[in-house]
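The values are calculated or read from the model by the stated rules, or taken from the named source; none is laboratory data. Values in this document were obtained by computation on a predicted structure and should not be read as measured data. Methodologically, a virtual Cβ is constructed for each residue, glycine included, from the backbone with ideal geometry; neighbour enumeration extends over all protein chains shown.
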């Protein structure tokens with residue numbers, strides 16, 4: 001197998017190795033390694049709102065968020081046992097997120113205090129007043145304080161444990 005040398009780099013078919021023939025080549029190698037490490041460690045941080053299911057049942061999830069003048073509720077996400085759902089992708093825009101969760105039989109899993117609107121199928125609803133007049137159902141969402149974090153994970157566990 002033939003190996004060719006060209007400006008501090010040893011080349012052979014399918015192989016690229018760095019060699020130190022002069023200070024300039026060494027500096028270029030160090031600079032290339034620094035750039036590679038910078039790109040690796042400076043990738044954008046993941047910022048989402050996740051709900052992880054630590055129960056033994058399938059869970060249906062809806063979320064409520066502040067949409068400016070009104071609250072917005074959206075559903076449904078499904079989290080199987082041992083998995084997580086990501087109902088909000090990207091950095092959180094407000095301190096509080098409202099969470100509603102039911103099991104497969106439609107039984108509420110979280111005690112809540114904030115009444116908001118949901119629908120049976122996939123939905124997006126704006127406002128929390130007059131749910132029934134709009135063909136929606138009023139339910140209580142649990143308030144999740146994210147402490148102004150841009151990224152948050154909530155774990156749902158079996159109440160029996």
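At a glance:
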| read-out | value |
| --- | --- |
| Filter result for residue 98 (modelled with pLDDT of 95 or more and closer than 23 Å to residue 155 by Cα) | yes |
| Matching residues in region 67-82 - criterion: being under 17 Å from residue 136 (Cα atoms) and surrounded by fewer than 16 Cβ atoms within 10 Å (Cβ to Cβ) | 70 |
| Residue count, region 60-91 (criterion: assigned to a strand (DSSP E or B), touching a residue at least 24 places away in the same chain (Cβ under 8 Å) and either more than 21 Å from residue 151 (Cβ to Cβ) or in contact with a helix residue (DSSP H, G or I) (Cβ under 9 Å, 6 or more places away or on another chain) (or both)) | 5 |
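Okay, residues lined up against (1) outside the structural domain of residue 152 (by TED's automatic domain parsing); (2) surrounded by fewer than 19 Cβ atoms within 10 Å (Cβ to Cβ); (3) in contact with a strand residue (DSSP E or B) (Cβ under 8 Å, 6 or more places away or on another chain):
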| site | (1), (2), (3) |
| --- | --- |
| 62 | no, no, yes |
| 84 | no, yes, yes |
| 87 | no, no, yes |
| 97 | no, no, yes |
| 112 | no, yes, yes |
| 116 | no, no, yes |
| 125 | no, no, yes |
| 129 | no, yes, no |
| 140 | no, yes, yes |
